[in-house]
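Let me begin by presenting the structure, written as structure tokens, before commenting on it.
The values are calculated or read from the model by the stated rules, or taken from the named source; none is laboratory data. Computed from a predicted model, the values in this text were never measured in an experiment. Neighbour counts run over all protein chains shown; Cβ positions are idealised from the backbone, glycine included.
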Amino acid sequence: MTKTAGLELPNTGSADEAVIPMIRWVLTFLLLAVAITLDVGNTLAPILARRRGRNVSTVPFVGALCGAAACLVCPIEGSGKLVPVAMVSDLSLFHFARFLVRRVAGRAAKGG
């Protein structure tokens with residue numbers, strides 16, 4: 001038992017055993033925050049830009065990579081199986097694919 005400020009705490013091992021899971025949780029939440037921000041922003045940006053008659057540039061695939069990394073870093077057992085869900089949740093990939101199809105179709109129609 002270890003006494004800290006009048007409290008007796010059990011010795012559970014080295015400090016690294018307690019710190020590593022906490023770092024993994026913090027990293028998981030930071031990566032999820034970035035992934036959610038990019039996913040929502042990349043989904044709403046083309047919609048809002050189209051309403052205003054403007055063009056917009058999104059950052060495809062970065063939100064999906066952050067979400068997949070969050071799944072892999074998460075200390076919950078079996079969370080790595082959610083990587084495909086994180087990859088599909090980034091809707092900017094579909095906007096990017098639609099843009100590429102329109103670009104290729106436009107060039108094919110012009111004959112170039």
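Which ones in segment 1-35 are among the small types (Gly, Ala, Ser) and at pLDDT below 80?
5, 6, 13, 14, 15, 18
Of all residues in segment 36-51, how many are touching a helix residue (DSSP H, G or I) at 6+ places or on another chain (Cβ under 6 Å), modelled with pLDDT of 85 or more and not hydrophobic (A, V, I, L, M, F, W, C)?
To start, the set of residues in segment 36-51 that are touching a helix residue (DSSP H, G or I) at 6+ places or on another chain (Cβ under 6 Å) comprises 38-39, 42, 46.
Filter again for modelled with pLDDT of 85 or more, leaving 38-39.
Now narrow it down to the ones that are not hydrophobic (A, V, I, L, M, F, W, C): 39.
Total meeting the criteria: 1.
For segment 65-93, how many residues meet the condition of being touching a residue at least 40 places away in the same chain (Cβ under 8 Å), of a type in the set (A, V, I, L, M) and in a helix (DSSP H, G or I)?
Summing the residues that are touching a residue at least 40 places away in the same chain (Cβ under 8 Å), of a type in the set (A, V, I, L, M) and in a helix (DSSP H, G or I) in segment 65-93 gives 3.
Within the set of pairs 6+ apart or on separate chains, which have a first residue in segment 51-64 that is free of Cβ contacts under 8 Å to residues at least 12 places away in the same chain and surrounded by fewer than 18 Cβ atoms within 10 Å (Cβ to Cβ), a second that is part of a helix (DSSP H, G or I) and not aromatic (Phe, Trp, Tyr), and C-beta atoms under 8 Å apart?
If the second residue must be part of a helix (DSSP H, G or I) and not aromatic (Phe, Trp, Tyr), the pairs left are 55/49; 56/45; 56/46; 56/48; 56/49.
Please verify whether residue 83 is crowded, with 17+ Cβ neighbours inside 10 Å, under 30 Å from residue 29 (Cα atoms), at pLDDT 90 or above and out of contact with any strand residue (DSSP E or B) (no Cβ under 8 Å at 6 or more places or on another chain), treating the condition exactly as stated.
It is false that residue 83 is crowded, with 17+ Cβ neighbours inside 10 Å, under 30 Å from residue 29 (Cα atoms), at pLDDT 90 or above and out of contact with any strand residue (DSSP E or B) (no Cβ under 8 Å at 6 or more places or on another chain).
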